[in-house]
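Okay, so here's the structure we're looking at.
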Amino acid sequence: MIIVIPCYKEPEIKRTIQSLFNCERGDFPVEIILLINSYGIDTDEILAMNRDSYRQMKDFASKNNSSTFFLTPLLVENLPGRQTGAGLPRKLGMEEAIRHFAGNKAGIIVSLDADCLLEANYLTEIYRNFNEYRLHSATIEFHHPVEHLNVSDPLRIAATNYETYLRYYRRALEFCGYPYPYYTIGSAFAVTVETYLKAGGMGKQQSGEDFYFLQKVFPLGKTRFIDTTCVYPSARTSDRVPFGTGPALQKMVTENQLSKFTYQVEAFRTLKLFFDEIDSFFKKPQKEVENCICDLPEYLLLFLKEDGFLSKIEEINRHTASLPNFRKRFFSYFNAFKILKYMNFTHPAYFDWADVREQYALLIQTIQEQKTAKLPSHRFLL
């Protein structure tokens, strides 16, 4: 197992590294690749901070490394100035891990961030899950610790609401029938070497590289959400990247808008009605497919029309011979990007943005009502 950590301007990196060294050890070797990085546009102050971190981590490694559990600090400077964010460093770290595995395609690459603490069983649970379930990839439970902050602290309120949003959105994807309803958080996922290579590697986007990469990974093999351990990313504001947890908290706190607004459950409910129909599109001419969806709400029909849905289904049908293959190709077309596009098409044009706490409660209620409706009825002889 190799843990990859991109590190930029992190004076407290030792907390994360020490947390890893405090984890339970298994009967497998572990390497931590710490890629301390900076860009051509960075100031002398940032360069000095990074170099100091590198010296500290070299010293830490010399005192704590063993033959089966060791830290490899790397200092990489002058990265392209237009590529700020974790995308390029994460990619470089993961490709360094590929080289260190030297052809071992079953090796596990774990993605972590430099501001995290770990549950004691973090390493052993990831390893156990990959071996027991023959996983190609996994996402890992996370929690932004805010309990030490006062209940009225704006950062605590913002972080709690933002995490609620992440959990709501994943649960909503699951509810509507999307086959890959997993978190896409850079600090909480793992893949095998083989899967990483099949996916074409990590991108070098300025932000959201984890989302783009994992959308390529999920269809390639078995994925599991590991909830028997936990990653604890810092709940902190940040302006380093255009979107993600840090920028979201920054915006919520500085603009004093601590409630998190999100997509309405009704938009997901409509998507579920649509996804429930996909089997009926298989090997059907355009007119019959059109008849299958004619009762869907107007806003979804308009979105599908603008997206060229009917011709896309015709194309998918031409290249598939079985229903399972059709489903796979369908969700390759109507993927997580398309779902986001649909959600942004409907909000706020057709639905107002809504408080995530209210929508999450409504989603849970909707799921429960659906389960109750499916329960078999019983007759009792008295």
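Measure off 7 Å from each Cα along the Cα-to-Cβ vector at Arg99 and Gln370, then give the distance between these two points in nanometres to one decimal.
So the label points at Arg99 and Gln370 sit 4.7 nm apart.
Could you please rank Ile126, Ile3, placing first whichever residue has the fewest other Cβ atoms within 10 Å of its Cβ?
Ile126, Ile3
By count of other Cβ within 10 Å, fewest leading, how are Phe309, Phe345 ordered?
Details: Phe309 21, Phe345 16.
Lowest to highest Cβ neighbour count: Phe345, Phe309.
Treating the beta-carbon of each Lys and Arg as +1 and of each Asp and Glu as -1, no other charges, what is the dipole magnitude of the chain about its Cα centre, to the nearest 20 debye?
1000 debye
Would you mind checking the radius of gyration and Dmax of region 1-107 based on alpha-carbon positions, in Å?
14.1, 43
Could you run the Karplus curve 6.51 cos²θ - 1.76 cosθ + 1.60 with θ = phi - 60° over region 110-124 and give me ³J(HN,Hα) per residue in whole Hz, x for Gly and Pro?
For region 110-124, the Karplus-derived couplings read 10, 9, 9, 10, 7, 10, 10, 10, 10, 5, 4, 9, 4, 5, 5 Hz, x marking Gly and Pro.
When the helices in the chain are scored as -39500 (n - 2.57) per DSSP H run of 4 or longer and the sum is shared across all residues, what 222 nm value do you end up with, to the nearest 500 deg cm²/dmol?
So the calculated ellipticity at 222 nm is -15000 deg cm²/dmol.
When ranked by the protection proxy of mean other Cβ atoms within 10 Å per residue, highest first, what sequence do the peptides 144-153, 254-263, 222-231 form?
Details: 144-153: 12.3, 254-263: 15.8, 222-231: 17.5.
Packing proxy ranking, top to bottom: 222-231, 254-263, 144-153.
Can you list residues from other chains, or at least 5 along the same chain, whose modelled amide H is less than 5 Å from the amide H of Gly203?
Phe213
Would you mind computing Rg(Cα) / (2.2 N^0.38 Å) for region 265-352, counting N as its residues?
Rg over 2.2 N^0.38 Å, computed on Cα atoms: 1.06.
Which order, highest average first, do 108-114, 171-177, 302-308 follow once you tally other Cβ atoms within 10 Å for each residue and take the mean per peptide?
Highest mean packing first, the order is 108-114, 171-177, 302-308.
Size of the chain along its principal axes in angstrom, Cα-based, largest extent first?
69, 60, 50
Between helix 154-176 and the chain, what is the angle of the helix's C-alpha long axis to the longest principal axis, kept within 0 to 90° and rounded to the nearest 10?
50 degrees
Roughly speaking, what is the centre-to-centre gap between region 264-282 and region 319-349 when only Cα atoms are used, to the nearest Å?
10 Å
List the trypsin sites (Lys or Arg not before Pro) within region 94-147 that DSSP assigns to loop and that have no more than 16 neighbouring Cβ atoms inside 10 Å.
Those satisfying the criteria are Lys105, Arg134.
I need the per residue convex hull volume for region 72-226, using only the alpha carbons, in cubic angstrom as a whole number.
Per residue, the Cα convex hull of region 72-226 comes to 146 Å³.
Cα gyration tensor of region 43-91, axes a ≥ b ≥ c as square roots of the eigenvalues: rounded (a/c below 1.5), prolate (a/b > b/c) or oblate?
The shape class here is oblate.
Name the residue farthest towards the positive end of the dipole of the chain from the options Gln257, Tyr360, Ala48, assuming +1 on Cβ of Lys and Arg, -1 on Cβ of Asp and Glu, about the Cα centre.
Most positive-ward Cα: Tyr360.
Note down the magnitude of the dipole of region 266-322 about its Cα centre, charges +1 on Lys and Arg C-beta and -1 on Asp and Glu C-beta and zero elsewhere, to the nearest 20 debye.
The calculation lands at about 200 debye.
Could you run the Karplus curve 6.51 cos²θ - 1.76 cosθ + 1.60 with θ = phi - 60° over region 25-41 and give me ³J(HN,Hα) per residue in whole Hz, x for Gly and Pro?
Ordered by residue, 3J(HN,Hα) equals 9, x, 8, 9, x, 10, 10, 10, 9, 9, 9, 7, 10, 8, 10, x, 8 Hz.
In nm, to one decimal, how far is the modelled label at Leu47 from the one at Leu273, with both set 7 Å along Cα→Cβ?
So the two model labels end up 6.1 nm from each other.
Would you list Met49, Met57 from fewest to most Cβ contacts within 10 Å?
Met49, Met57
Once label points are set 7 Å from the Cα along Cα→Cβ at both Glu147 and His319, what is their separation, rounded to one decimal in nm?
Distance between label points: 4.9 nm.
Listed here are the pairs Lys312/Lys341; Lys198/Lys251; Lys14/Lys198; which of them are more than 27 Å apart at the Cα?
Over 27 Å apart, Cα to Cα: Lys198/Lys251; Lys14/Lys198.
From the residues Ser332, His347, Pro285, which one has its Cα farthest along the dipole of region 265-352 in the positive direction, the dipole being from +1 and -1 charges on Cβ of Lys/Arg and Asp/Glu about the Cα centre?
Of Ser332, His347, Pro285, it is Ser332.
Ser280 to Thr228: FRET efficiency via 1/(1 + (r/R0)^6), r the Cβ-Cβ distance, R0 30 Å, to the nearest 0.05?
In this case the efficiency is close to 0.15.
Full extension from Asp307 to Lys328: what is 0.36 nm times the residue separation minus their Cα-Cα distance, to one decimal in nm?
Additional length available on full extension: 5.7 nm.
Per-residue counts of other Cβ atoms within 10 Å, averaged by peptide: what ranking do you get for 275-286, 327-338, highest first? Don't skip to the end; give the middle numbers.
On the way: 275-286: 14.7, 327-338: 16.6.
Ranked by mean Cβ neighbours within 10 Å, highest first: 327-338, 275-286.
How many percent of DSSP beta bridges within the chain run antiparallel, rounded to 5? Intermediate results must be reported in sequence, preceding the final value.
Values: 12 of 35 bridges.
Bridges in the chain that DSSP calls antiparallel: roughly 35 percent.
If you average the C-alpha positions of region 32-80 and of region 98-113 separately, how far apart do those two centres end up, in angstrom?
Between the Cα centres of region 32-80 and region 98-113 lies a distance of 19 Å.
Read the figures in this text as sums done on the coordinates, not as results from a lab. If you're wondering where the values come from, they're calculated on a predicted model, not measured in any experiment. Note that we place each Cβ from the backbone using ideal geometry, even for glycine, and neighbour counts take in every protein chain shown.
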